[in-house]
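Inspection log for the structure reproduced underneath, given as structure tokens.
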């Protein structure tokens, strides 16, 4: 495939995805459901790390509602995505599963979008 054909194919794929946008609220809800299924047992239903299992870990799970606060007021979506994925970046204690081996890239992005939505202060996602 030539470079021009590859570019045309990419544009077609991206435009077909744009034809059926998923509302932000639906994406956040899907992310919440994934979070509840995979993350809440350690990080808590509310994301604050307050669970009965927290004291069993070497390092307690962080408060996921204060990521933006700890990062100077912005939510670093790309960094959070990489941490949740776990295959490419150091993340949490080794007790945290490498979710990139279990969840799809889109599912990880949905979890990240949900985490952005539960920050203490409404902060824009980092570019």
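General observations
- For residue 72, the criteria (1) over 20 Å from residue 119 (Cβ atoms); (2) outside any helix (DSSP H, G or I) hold in every case but one, which is (1).
- On the stretch given as region 30-64, residues that are within 15 Å of the chain's Cα centre (by Cα) and free of Cβ contacts under 8 Å to residues at least 24 places away in the same chain total 6.
- Considering residues of region 94-106 that are surrounded by fewer than 18 Cβ atoms within 10 Å (Cβ to Cβ) and part of a helix (DSSP H, G or I) only, the residue farthest from the chain's Cα centre (by Cα): 101
- Residue match in region 77-91 (condition: in a loop (DSSP other than H, G, I, E, B), crowded, with 18+ Cβ neighbours inside 10 Å, within 15 Å of the chain's Cα centre (by Cα) and at pLDDT below 95): yes
- Pair list, Cβ < 7 Å and 6+ apart or interchain, from region 65-79 residues that are over 19 Å from residue 39 (Cα atoms) to residues that are at pLDDT 90 or above and surrounded by 15 or more Cβ atoms within 10 Å (Cβ to Cβ): 74/68
- Taking the criterion of being modelled with pLDDT under 95, part of a helix (DSSP H, G or I) and touching a helix residue (DSSP H, G or I) at 6+ places or on another chain (Cβ under 6 Å), the only residue of region 29-52 that qualifies is 43.
The values are calculated or read from the model by the stated rules, or taken from the named source; none is laboratory data. All of these numbers come straight from a predicted model, not from anything done at the bench. Every residue, glycine among them, receives a Cβ derived from its backbone with ideal geometry; neighbour counts consider all protein chains shown.
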